[in-house]
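One structure is given below, encoded as structure tokens.
What follows is calculated from the coordinates using simple rules that are stated; it is not laboratory data. This is a predicted model, so every value here is computed, not measured. Neighbour counts run over all protein chains shown; Cβ positions are idealised from the backbone, glycine included.
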Amino acid sequence: MARFALFSRLFLDFYPLIFTKSQSRVGLYSELLPQVKAVLEGEEDLIAKQANLCAMIKEVLNFLWVGFYRVIDQQLILGPYQGPLACSRIEFGKGVCGAAWKLKETIIVPNVNEFEGHIACSSLSQSEIVVPFFDSKRNVISLLDIDSAQLNDFGPTDQQALEEMRNYF
Ligand code: SME
């Protein structure tokens, strides 16, 4: 048992390759979730967790952009991410991220071109999901922002899986 624990720790530390047999979104998430849980629950540092979560989601689901914005001094400031260059700061209530911060709820935008005030970091972005993360007093402390190059790419399956990942922090 101890040998297996050591092996899995070494495996995760030095060879964090995610392999998938599934093609469907539901199948991909069901393979991804236990791996995310294992990686995140084995780490205490917030930035390390955010960075690895972005890498794992990007690798398995291949979205255009996966990243965190952190609430610092009443602004959102860019955190760990995978994907094209992004804007560094977002004001409260602005864009999809600012709106999810204000609402304190996950927002799914099927077509970003129809979302008033959407902040376009990449012209390739077509749809988006933003999931707020909370502290113990339910203040928003960060947001996970995922952009897709496909229209209408996010739904309840994504929301449920990403909100589950939030529990591993
Ligand atoms: N689309 C976001 C801005 C951040 S970038 O997409 C990375 C928004 O409107 O909040």
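What to note about this one:
- Set of lysines near Lys94 by C-alpha distance (under 20 Å), chain-local residues within fewer than 8 positions excluded: Lys102, Lys104
- Helix 156-166 axis, angle to the chain major axis (alpha carbon atoms, nearest 10°): 60
- In this structure, Gln75 and Gln23 have a Cβ-Cβ separation that, at R0 = 35 Å, corresponds to a calculated FRET efficiency of about 0.30.
- In the stretch 26-169, taking the dipole from charged Cβ atoms about the Cα centre, the farthest positive-side position among Pro80, Leu151, Ser125 is held by Pro80.
- Summarising the amide proton neighbourhood of Phe133: residues at separation of 5 or more, or on other chains, whose placed amide H is nearer than 5 Å comprise Ile141, Ser142, Leu143, Leu144.
- For the chain, the dipole from Cβ point charges (+1 on Lys and Arg, -1 on Asp and Glu) about the Cα centre works out to 280 debye, to the nearest 20.
- Calculated diffusion of the chain, Stokes-Einstein form, Kirkwood radius summed over Cα pairs, 10 °C and 1.306 mPa s, µm²/s: 97
- Per-residue [θ]222 nm for the chain (sum of -39500 (n - 2.57) over DSSP H runs n ≥ 4, rounded to 500): -12500 deg cm²/dmol
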